[in-house]
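K.L.:
Dropping the structure in here first, questions after.
The values are calculated or read from the model by the stated rules, or taken from the named source; none is laboratory data. No experiment lies behind these values; they were computed from the predicted model shown. Cβ coordinates were reconstructed from backbone atoms using ideal geometry, including for glycine residues, and neighbour counts include every protein chain displayed. We work out accessible area using only protein heavy atoms, side chains counted, and drop any ligands, DNA or RNA first. Shrake-Rupley method; radii C 1.70, N 1.55, O 1.52, S 1.80 Å.
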Amino acid sequence: GSDPMADIQKLAEGLDMLAKINPISLGQGQGPKAIAGIEEGSQSGKWVLLQNCHLAPSFMPTMESLVEKMDPTNMNPDFRLWLTACPSPAFPISILQMGIKMTIEPPKGLKQALLRAYLAFDDEWFNSCSKPREFHKMLFGLCFFHGMILERRGFGPVGWNVAYGFSEPDREISRQQLRNFLNEFEGVPYAALNYMGSEANYGGRVTDNQDRRAIITILQDF
């Protein structure tokens, strides 16, 4: 799976706009909040990020009307409206025609998964651990593990009994925990890292008992 939120935050950080992002997750009852966010952001120069538009099909006509009525001459030049969605027939075609479209697809193959993971690391973070040798080896193992469990989904019930939506945020929180644990503990807390990864971060999505045993065993190898 892929989540564009991290990429948008990275772009905003480079443009000194990170503090001006207003993320709003669409869903039941979020329409008025989204309208207020767009109106306020267009005047103050914020980046308004409406997430999961495919989950709010009833709000799409309203959003289409708001976008069509936008007048750049009456808006702050720093204002941007970001919309994230899975493919959905409810998403307005006119917005796709007027806006800039970007597609993020899950990596295909272990090599692409590793490349995407390492390209997302900046040098300062990559070299910020107090145990660099252990950190770099275990980080590679984590990224390889992430790519492998994504690939297992392509084998149906031979890979997982249930199709799980493992995504990049699972890997992101795991890598941050890896660095933090290595910095804070005197040794390498293998048991704690394995538990957080296989039982909490990734395992929180796993509902089948056999799949849970499998993911715990797989992560122990890394």
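K.L.:
Could you tell me whether any residue of segment 150-173 is buried (at least 17 other Cβ atoms within 10 Å of the Cβ), in contact with a Gly (Cβ under 7 Å, 6 or more places away or on another chain) and under 16 Å from residue 222 (Cβ atoms)?
P.N.:
Checked against the condition, which is being buried (at least 17 other Cβ atoms within 10 Å of the Cβ), in contact with a Gly (Cβ under 7 Å, 6 or more places away or on another chain) and under 16 Å from residue 222 (Cβ atoms), segment 150-173 yields at least one hit.
K.L.:
Within segment 58-125, considering only helices (runs of 4 or more DSSP H) that don't extend past its boundaries, which have at least 1 residues that are open to solvent by 70 Å² or more (accessible area, probe 1.4 Å) and charged (D, E, K, R)?
P.N.:
In segment 58-125, the matching helices (runs of 4 or more DSSP H) lie at 60-68, 110-119.
K.L.:
Looking at the structure I just gave you, is residue 157 under 24 Å from residue 207 (Cα atoms) and not hydrophobic (A, V, I, L, M, F, W, C)?
P.N.:
Against the criterion (under 24 Å from residue 207 (Cα atoms) and not hydrophobic (A, V, I, L, M, F, W, C)), residue 157 qualifies.
K.L.:
If you don't mind, there's one more thing I want to ask. Out of segment 36-56, which residues are open to solvent by 50 Å² or more (accessible area, probe 1.4 Å), out of contact with any Leu (no Cβ under 7 Å at 6 or more places or on another chain) and not small (Gly, Ala, Ser)?
P.N.:
39, 40, 43, 46, 54
K.L.:
Now a separate question. Being exposed (fewer than 15 other Cβ atoms within 10 Å of the Cβ) and either in contact with an Asp or Glu (Cβ under 6 Å, 6 or more places away or on another chain) or not in a helix (DSSP H, G or I) (or both) is the filter here, so list the residues in segment 15-24 that pass it. Lay out the reasoning, then the answer.
P.N.:
If we filter segment 15-24 for residues that are exposed (fewer than 15 other Cβ atoms within 10 Å of the Cβ), which is where we start, we get 15-16, 18-19.
Across segment 15-24, the qualifying residues are 15, 16.
K.L.:
Select, from 8, 93, 38, the only residue that is at negative phi, touching a residue at least 60 places away in the same chain (Cβ under 8 Å) and β-branched (Val, Ile, Thr). Steps first, please.
P.N.:
Working: 93 fails: touching a residue at least 60 places away in the same chain (Cβ under 8 Å); 38 fails: touching a residue at least 60 places away in the same chain (Cβ under 8 Å).
None of the others qualify; the one that does is 8.
K.L.:
Only one residue in 21, 8 is in contact with a Leu (Cβ under 7 Å, 6 or more places away or on another chain) and modelled with pLDDT under 85. Which one?
P.N.:
Numbers: 21 fails: modelled with pLDDT under 85.
Unique residue meeting the criteria: 8.
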